[in-house]
Amino acid sequence: MLIRFDGRTAVVAGAARGIGQAIARSLANDGARVIACDLLVDDLLALAGRVDGGGEIIAAEVDVTNEASIAEVVRTAGGVDILVYVAGGVRGQRPRPLEEVSADDFDAIVDVNLKGAFLFIKAVAPGMKAKGTGRIVTISSRAGLATSLTGIQSYPAAKHGQIGLVKQLAQELGPFGITVNTVAPGFMATSPDYERQWNNWPGAFRDNFVNMIAMRRMGGPQDIANAVTYLASDYASWITGQTIPVTGGPL
């Protein structure tokens, strides 16, 4: 199965690190013009430029909780064929008892994981409707299908919500030729927050973690990028509203 995205423009929101960076590189290696955007724009600069596979990566700054910032990225893109929404995470928070969590802290995680996905999809939908085609993929989490290993209440709440949003928007946008799907990764220490989470687990739990994975190995960002590549391709034109767990099995 040969997948190419020549002549197509993709926006990857949350591309500075880990999974987002791997997705941006992968799409560009398959020929796409990729607008790689993040609040951490300085971390994107090393990605920018032409790539061996024929595509191009363009770095852009974005605040995914700000509609004007998102609109500027979409305007710069000049027509979006593929949107991959990766932005999210736990915003530097640590697990605390419910009664110690402020409303602002709860909102901070929901805003970047759920509201941001809504705002970005809202921004690209008119152009995709006009073209009669489009691919939208969010990166949710195993925590959107179960409880979260983070222990942070708002994180699984936001990820469950994102999966519900994907299902609803797939129904709404399907008649316009637009597919909306999500990939739910298993745990990966791909950012400082998740590295800290890993290091804070007891040694015995870490030592046995891989034995809870059917494939008996930890996943990596490219495993997620591979699933996104398929969902963004023409081969996935009759797949929408779906959550694809990429966890090494089982959940």
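Listing for the model above:
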item	result
Residues (assigned to a helix (DSSP H, G or I) and surrounded by 10 or more Cβ atoms within 10 Å (Cβ to Cβ)) located in the range 200-219	Asn200, Phe205, Arg206, Asp207, Asn208, Phe209, Val210, Met212
Cross-chain or 6+ apart pairs with Cβ under 7 Å, the range 222-247 first and farther than 20 Å from Arg4 by Cβ, then polar (S, T, N, Q) and in a helix (DSSP H, G or I)	Gly241/Gln171
Residue that is surrounded by the most Cβ atoms within 10 Å (Cβ to Cβ) [pool: residues in the range 11-57 that are among the acidic types (Asp, Glu) and in contact with a Lys or Arg (Cβ under 9 Å, 6 or more places away or on another chain)]	Asp38
When residues of the range 190-199 are limited to those that are outside any loop (DSSP other than H, G, I, E, B) and surrounded by 13 or more Cβ atoms within 10 Å (Cβ to Cβ), the one modelled with the highest pLDDT	Arg196
Flag if Ala225 is of a type outside the set (S, T, N, Q) and under 17 Å from Thr138 (Cα atoms)	yes
Matching residues, the range 132-150, being of a type in the set (Val, Ile, Thr) and at pLDDT 95 or above	Thr133, Ile136, Val137, Thr138, Ile139
Test: Gly248 is in a loop (DSSP other than H, G, I, E, B), among the small types (Gly, Ala, Ser) and closer than 21 Å to Asp111 by Cα	no
Contacts under 9 angstrom Cβ, first residue in the range 26-55 being closer than 14 Å to Thr229 by Cβ, partner assigned to a strand (DSSP E or B) and at pLDDT below 95, 6 or more apart	none
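Quick grid of which residues meet (1) in contact (Cβ under 8 Å) with a residue 24 or more places away in the chain; (2) over 26 Å from Thr247 (Cα atoms); (3) under 13 Å from the mean Cα position of the chain (by Cα):
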residue: Ala117; (1), (2), (3): yes, no, yes
residue: Phe120; (1), (2), (3): yes, no, yes
residue: Ala125; (1), (2), (3): yes, yes, no
residue: Lys131; (1), (2), (3): yes, yes, no
residue: Gln153; (1), (2), (3): yes, no, no
residue: Lys167; (1), (2), (3): yes, no, no
residue: Gly177; (1), (2), (3): yes, yes, no
residue: Thr182; (1), (2), (3): yes, no, yes
residue: Pro185; (1), (2), (3): yes, no, yes
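A quick yes/no check of all residues on (1) in contact with a strand residue (DSSP E or B) (Cβ under 6 Å, 6 or more places away or on another chain); (2) aliphatic (A, V, I, L, M):
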| site | (1), (2) |
| --- | --- |
| Thr138 | yes, no |
| Thr147 | no, no |
| Tyr155 | no, no |
| Ile163 | yes, yes |
| Leu169 | yes, yes |
| Phe176 | no, no |
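The values are calculated or read from the model by the stated rules, or taken from the named source; none is laboratory data. Predicted, not measured: the structure shown is a model, and the values here were computed from it. Quick reminder, even Gly has a Cβ in these numbers, built from the backbone with ideal geometry, and neighbours come from all protein chains shown.
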